[in-house]
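The values are calculated or read from the model by the stated rules, or taken from the named source; none is laboratory data. Just so we're clear, the structure is a prediction, and the values are computed from it rather than from any experiment. FYI the Cβ positions are ideal-geometry reconstructions off the backbone, even for glycines, and counts take in every protein chain you see.
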Amino acid sequence: MTGHIRKMTAQLIDGQVQYQLPLSEHSLPLNDLIGKPLTLTFTGNINCSHCGAKTKKSYSQGHCYPCMMRLASCDMCIMKPETCHFDQGTCREPEWGEANCFVPHYVYLANTTAVKVGITRHTQIPTRWIDQGANQALKIFKVSTRLQSGLVETALAEFISDKTNWRNMLKGKAEPIDLKAKAAELIPQIEERLAEIKLKFGEDAVERLDEEVVEIDFPVLEYPTKISSLSFDKNKKELEQEKLNGDTGHKVVSGTLIGIKGQYLYFDTGVINMRKFSSYEITASF
């Protein structure tokens, strides 16, 4: 099966994550391959996920450089929503911004080995939690826009992390945490900031939620004690050896697939972040 990599899709069914790897028009079911040999061979082709142009390097998870610089979805405010500049008239794509940023967003707590705060559009629940490798998650606020979610997130980030320690996340299943109790501890500490947001955007700008904790189980047979990263890009040593040998062979990632978590595939030879290689064309052999 050959095609260009897209972000792995996933569904939470009875608490367990079911994964598929999109390869252009194909979709490779992955859960059934766990415990079996799998070889992924990079063909050397990278094509922009937006315009289809061939590119030597993938930017912003699958784009060519011109698209990365032009598209609103690649702007820095997507990573830091509190820096939204739509009201200044400088959004790269105002229509895209209205469709994606001026829609309900959630602020949540997640347990990825430690408690973190995060935000996501209402359409990305529970996908966002799965992508982060969270074993538990809890929605705590609903807001009207991405900007507002970013303001709430930065307030909470003064007390807990807003980042995932990916190495720790990959090494095992998170120990259960009482996320409701953690929310009850954190929210009073940001009441003043919440009041400021409501004063600026309206009393209904931030809605406190009373939701149940979502439990997520990932299909992993064995967690590694040491993280060894695999890649479709050749490192400096490999490139030098290639020149000496006249070898132009393409990079291969191979081994027994022993698990999937977040956007990572676990092989008995190491782990690979598939999202990092969006738009790379590969052949999957199994």
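Would you call Ile197 outside any helix (DSSP H, G or I), at pLDDT 95 or above and of a type in the set (Val, Ile, Thr)? It is false that Ile197 is outside any helix (DSSP H, G or I), at pLDDT 95 or above and of a type in the set (Val, Ile, Thr).
Go over the candidates Leu38, Leu12 one by one and state the one that is touching a Pro at 6+ places or on another chain (Cβ under 8 Å) and either surrounded by 14 or more Cβ atoms within 10 Å (Cβ to Cβ) or basic (Lys, Arg) (or both). First the steps, then the outcome.
Details: Leu38 fails: touching a Pro at 6+ places or on another chain (Cβ under 8 Å).
Exactly one residue qualifies, and that residue is Leu12.
Pairs meeting the criteria (first residue in region 124-135 and of a type in the set (Ser, Thr, Tyr), second residue in a loop (DSSP other than H, G, I, E, B), beta carbons under 6 Å, at least 6 apart or on different chains) are lacking.
Is it true that Ile160 is aliphatic (A, V, I, L, M), touching a residue at least 24 places away in the same chain (Cβ under 8 Å), farther than 26 Å from Gln263 by Cα and assigned by TED's automatic domain parsing to the domain that holds Val115? Spelling it out, it is not the case that Ile160 is aliphatic (A, V, I, L, M), touching a residue at least 24 places away in the same chain (Cβ under 8 Å), farther than 26 Å from Gln263 by Cα and assigned by TED's automatic domain parsing to the domain that holds Val115.
Selection of strands (runs of 3 or more DSSP E) fully inside region 1-58 by the criterion of at least 1 residues being closer than 16 Å to Phe277 by Cβ, under 16 Å from the mean Cα position of the chain (by Cα) and at pLDDT 95 or above returns 9-13, 16-23.
Restricting attention to region 61-76, does a residue exist that is exposed (fewer than 13 other Cβ atoms within 10 Å of the Cβ) and within 30 Å of Leu151 (Cα to Cα)? Outline the logic, then answer.
Initially, region 61-76 is screened for residues exposed (fewer than 13 other Cβ atoms within 10 Å of the Cβ), giving 76.
Remaining after also requiring within 30 Å of Leu151 (Cα to Cα): 76.
Yes, because at least one residue in region 61-76 is exposed (fewer than 13 other Cβ atoms within 10 Å of the Cβ) and within 30 Å of Leu151 (Cα to Cα).
Scanning region 169-185 for residues that are surrounded by 12 or more Cβ atoms within 10 Å (Cβ to Cβ) and either modelled with pLDDT under 95 or not in a helix (DSSP H, G or I) (or both) yields Lys171, Gly172, Lys173, Ala174, Ile177, Asp178.
So that you can scan it fast, the table gives a plain yes or no per residue for (1) in contact with a Phe, Trp or Tyr (Cβ under 8 Å, 6 or more places away or on another chain); (2) at negative phi; (3) crowded, with 18+ Cβ neighbours inside 10 Å; (4) in a loop (DSSP other than H, G, I, E, B):
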site: Ala99; (1), (2), (3), (4): no, yes, no, no
site: Leu109; (1), (2), (3), (4): no, yes, yes, no
site: Thr123; (1), (2), (3), (4): no, yes, no, no
site: Gln148; (1), (2), (3), (4): yes, yes, yes, no
site: Ile187; (1), (2), (3), (4): no, yes, no, no
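Taken over region 84-97, the residue count meeting the criterion of being in a loop (DSSP other than H, G, I, E, B) and of a type in the set (A, V, I, L, M, F, W, C) is 2. The set of residues in region 1-38 being touching a residue at least 60 places away in the same chain (Cβ under 8 Å) and among the charged types (D, E, K, R) consists of Arg6, Lys7, Lys36.
Among the candidates His63, His85, which residue alone is under 26 Å from Thr164 (Cβ atoms) and in contact with a helix residue (DSSP H, G or I) (Cβ under 7 Å, 6 or more places away or on another chain)? Steps first, answer last, please.
Working: His85 fails: under 26 Å from Thr164 (Cβ atoms).
Testing whether each residue is under 26 Å from Thr164 (Cβ atoms) and in contact with a helix residue (DSSP H, G or I) (Cβ under 7 Å, 6 or more places away or on another chain) leaves just His63.
Of all residues in region 62-97, count the ones that are on the phi > 0 side of the Ramachandran plot and touching a residue at least 24 places away in the same chain (Cβ under 8 Å). The total comes to 1.
Regarding Thr83, is this residue β-branched (Val, Ile, Thr), farther than 20 Å from Asp233 by Cα and either surrounded by 17 or more Cβ atoms within 10 Å (Cβ to Cβ) or not assigned by TED's automatic domain parsing to the domain that holds Lys251 (or both)? In short, yes. Sub-7 Å Cβ pairs linking a first residue in region 177-191 that is farther than 13 Å from Lys116 by Cβ to a second residue that is part of a helix (DSSP H, G or I), at least 6 apart or interchain, are Ile190/Ala155; Ile190/Leu156, ordered by first then second residue.
Residues satisfying the criterion are present in region 62-83 (criterion: farther than 29 Å from Gln11 by Cα, in a helix (DSSP H, G or I) and touching a Cys at 6+ places or on another chain (Cβ under 7 Å)).
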